[in-house]
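The values are calculated or read from the model by the stated rules, or taken from the named source; none is laboratory data. Predicted model, so just to flag it, every value in this text is computed and none were measured. A quick note on method: Cβ atoms are made from the backbone with ideal geometry, for glycine too, and the neighbour counts reach across all protein chains shown. Just so you know, the surface numbers come from the protein's heavy atoms only, side chains and all, with ligands and any DNA or RNA stripped out. Shrake-Rupley method; radii C 1.70, N 1.55, O 1.52, S 1.80 Å.
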Amino acid sequence: MAENYVLSCCSTADLTDEQFEARSIHYICFHFELGGKSYMDDLGKSIPFDEFYKHINQAIYVSATPGDFELEHSPKPAQQ
């Protein structure tokens, strides 16, 4: 029997818990290491977003529809 499902194979950091629940998306955490410690990619629960970004020296934000966060943290957004 076929079922409808949504599969994301990358971090969905731009979605909130409420957005997952509203769309009935079951989220499975990835794991990552940062500063010698292991964390779950659990939407900012095990490490707050502001603390995570303090550890990032350089980042490239890729989005077809950049939000305020990407625009504020990108010196010169590329346009197509």
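From the set of residues in segment 14-25 that are under 15 Å from the mean Cα position of the chain (by Cα) and open to solvent by 50 Å² or more (accessible area, probe 1.4 Å), which is modelled with the highest pLDDT? Only one residue tops the list, namely Glu18.
For segment 22-38, a residue qualifies if it is in contact (Cβ under 8 Å) with a residue 12 or more places away in the chain and of a type in the set (Ser, Thr, Tyr), and exactly one does: Tyr27.
Taking segment 38-79 on its own, how many of its residues are surrounded by 10 or more Cβ atoms within 10 Å (Cβ to Cβ) and assigned to a strand (DSSP E or B)? The number of residues fulfilling the criteria is 2. Looking at Lys54, Lys45, Lys37, just one residue is of a type in the set (Lys, Arg) and under 30 Å from Gln79 (Cα atoms), and that residue is Lys54.
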